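Worksheet: the structure to be examined is printed underneath.
The values are calculated or read from the model by the stated rules, or taken from the named source; none is laboratory data. Source: prediction; values computed, not measured. Backbone-built Cβ (ideal geometry, glycine too); neighbour counts: all protein chains shown. We work out accessible area using only protein heavy atoms, side chains counted, and drop any ligands, DNA or RNA first. Shrake-Rupley method; radii C 1.70, N 1.55, O 1.52, S 1.80 Å.
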Amino acid sequence: MSLLETLAGKGLRREPPTRDEALAVLATSDDDILDVVAAAGRVRRHWFGRRVKLNYLVNLKSGLCPEDCSYCSQRLGSQADVLKYTWLKPEEAADAAAAGMAAGAKRVCLVASGRGPTDRDVERVADTIAAIKERGDVEICACLGLLRDGQGERLAEAGAHAYNHNLNTSEGVYGDICTTHDFSDRQDTVQKSKDAGLSPCSGLIAGMGETDEDLVDVAFALRDLGVDSVPVNFLIPFDGTPLAERWALTPQRCLRILAMVRFVHPDVEVRLAGGREIHLRSLQPLALHVVNSIFLGDYLTSEGQAGKADLEMIEDLGFEVEGADTPSMPEHRRAETVSVRRRGAGTALPPNA
């Protein structure tokens, strides 16, 4: 039996690949890319059918972060020409969220730069959640940095459904991209969110100079944490950041990474996230045969393709937007240049949705 037949069969049985099998997916050739996508697509369709979950980002507080994550345009010392503003008022954030909800977003992701929230910040976000929930029924995912004891519980009480905190890369090389906190801090926050009853969302960033082994390490670390959703980001090399010249990804490489993550997480929400437009380019539709979730419209500090184009891509593939009343998880799991964002939250211009 071939590698891809073996992996597809394991995925249908909810069995993870071995590390060697996961590495072998990343080592496949460009000539084999359609076979890789087809095998991963079998697993995706088995657990999620034709559904695509839409997520919409609202950047509550942009720029001026004290952490030194090398990939981030909001990092300490960043010279990237991105939007910088303090906390949006709850109604401002609700207005931004409403645009995504109107376009079909099932989850609104509330993100704020910084090491982690103060208790006052958590209350701000609680007020924002209430304002958004008044506009309609939507999942709320908070992404506020490192959590302290009790903060996850307060967010859950306020109506948050999930908490995002990405591991980003493997433990072995984490110190190469950040020195102001470490890998275990991120693991601890994911665990705190789980303990608080929030759905844990945590993923990775590819294209930062990591090896195949690093990608497999972080994929399995996420599996060990038992996360419910895995956003896969591709590095956006902002001018003014340490990784500005790091353009190492090809569309085929991105597809292999997505397929590897799908095989490691066969029945988990795998989300196509930041950087998809500039790295996958015309092969974005192929990626939707592997993932079952995407971000709609713009990201935190960079612009995405038009929301209308996202919806057309989904329709052209014969897929459908996941409805608000449709459970995202399978039944057994329910118990080239960067365009800087100048529209939406924090500006006077309408959002991209």
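If Ile177 meets every condition in (1) out of contact with any strand residue (DSSP E or B) (no Cβ under 8 Å at 6 or more places or on another chain); (2) open to solvent by 10 Å² or more (accessible area, probe 1.4 Å) apart from one, which number is that one?
(1)
Take the stretch 126-159 and flag every residue that is under 24 Å from Ala103 (Cα atoms) and among the polar types (S, T, N, Q).
Thr128
All but one of (1) of a type in the set (S, T, N, Q); (2) part of a helix (DSSP H, G or I); (3) open to solvent by less than 30 Å² (accessible area, probe 1.4 Å) hold for Asn166, so report the exception by its number.
So the condition that Asn166 fails would be (2).
Would you pick out the residues in the stretch 314-332 that are open to solvent by less than 20 Å² (accessible area, probe 1.4 Å) and either under 22 Å from Phe234 (Cβ atoms) or out of contact with any strand residue (DSSP E or B) (no Cβ under 9 Å at 6 or more places or on another chain) (or both)?
Scanning the stretch 314-332 gives Ile314, Pro330.
Select from the stretch 223-233 the residues that are within 26 Å of Tyr56 (Cα to Cα) and surrounded by fewer than 24 Cβ atoms within 10 Å (Cβ to Cβ) and write down the one among them that is nearest to the chain's Cα centre (by Cα).
Out of the qualifying residues, it is Asn233.
So Asn292 clears everything in (1) open to solvent by 10 Å² or more (accessible area, probe 1.4 Å); (2) among the polar types (S, T, N, Q); (3) modelled with pLDDT of 95 or more except one condition, right? Which one?
Among (1) open to solvent by 10 Å² or more (accessible area, probe 1.4 Å); (2) among the polar types (S, T, N, Q); (3) modelled with pLDDT of 95 or more, the lone unmet condition for Asn292 is (1).
Considering the stretch 115-146 alone, what residues qualify as being touching a strand residue (DSSP E or B) at 6+ places or on another chain (Cβ under 7 Å) and not acidic (Asp, Glu)?
Hits for the stretch 115-146 are Val125, Thr128, Ile129, Ile132, Val138, Ile140, Cys141, Ala142, Cys143, Leu144.
Output the residues belonging to the stretch 247-264 that are part of a loop (DSSP other than H, G, I, E, B) and either at pLDDT below 95 or crowded, with 23+ Cβ neighbours inside 10 Å (or both).
Hits for the stretch 247-264 are Trp247, Ala248.
Any residue at all in the stretch 271-292 that's over 30 Å from Asp212 (Cβ atoms) and part of a loop (DSSP other than H, G, I, E, B)?
No.
Spot the failing condition for Leu64; the list is (1) in a loop (DSSP other than H, G, I, E, B); (2) within 21 Å of the chain's Cα centre (by Cα), and only one is missed.
(2)
All but one of (1) part of a helix (DSSP H, G or I); (2) under 25 Å from Thr86 (Cβ atoms) hold for Ser184; which doesn't?
Condition (2) is where Ser184 drops out.
Table: residues versus (1) modelled with pLDDT of 95 or more; (2) within 19 Å of the chain's Cα centre (by Cα); (3) part of a loop (DSSP other than H, G, I, E, B).
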position	(1), (2), (3)
Ile33	yes, no, no
Ala38	yes, no, no
Arg44	yes, yes, no
Asn55	yes, yes, no
Asn59	yes, yes, no
Ser70	yes, yes, yes
Leu76	no, no, yes
Val82	no, no, yes
Trp87	yes, no, yes
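Taking Gly346 as the residue in question, decide whether it is more than 19 Å from the chain's Cα centre (by Cα), crowded, with 17+ Cβ neighbours inside 10 Å and part of a loop (DSSP other than H, G, I, E, B).
The answer is yes for Gly346.
Among the residues of the stretch 194-216, is any of a type in the set (Ser, Thr, Tyr), under 22 Å from Leu54 (Cα atoms) and modelled with pLDDT of 95 or more?
There is at least one residue in the stretch 194-216 that is of a type in the set (Ser, Thr, Tyr), under 22 Å from Leu54 (Cα atoms) and modelled with pLDDT of 95 or more.
Could you look through the stretch 127-144, keep only residues that are among the small types (Gly, Ala, Ser) and open to solvent by 10 Å² or more (accessible area, probe 1.4 Å), and pick out the one that is nearest to Leu76 (Cα to Cα)?
Ala130
Please tell me if Leu147 is at pLDDT 95 or above, part of a loop (DSSP other than H, G, I, E, B) and at negative phi.
Yes.
Within the stretch 191-207, work out how many residues are part of a strand (DSSP E or B), of a type outside the set (A, V, I, L, M, F, W, C) and either within 15 Å of Gly145 (Cα to Cα) or in contact with a helix residue (DSSP H, G or I) (Cβ under 7 Å, 6 or more places away or on another chain) (or both).
Number satisfying all stated conditions: 1.
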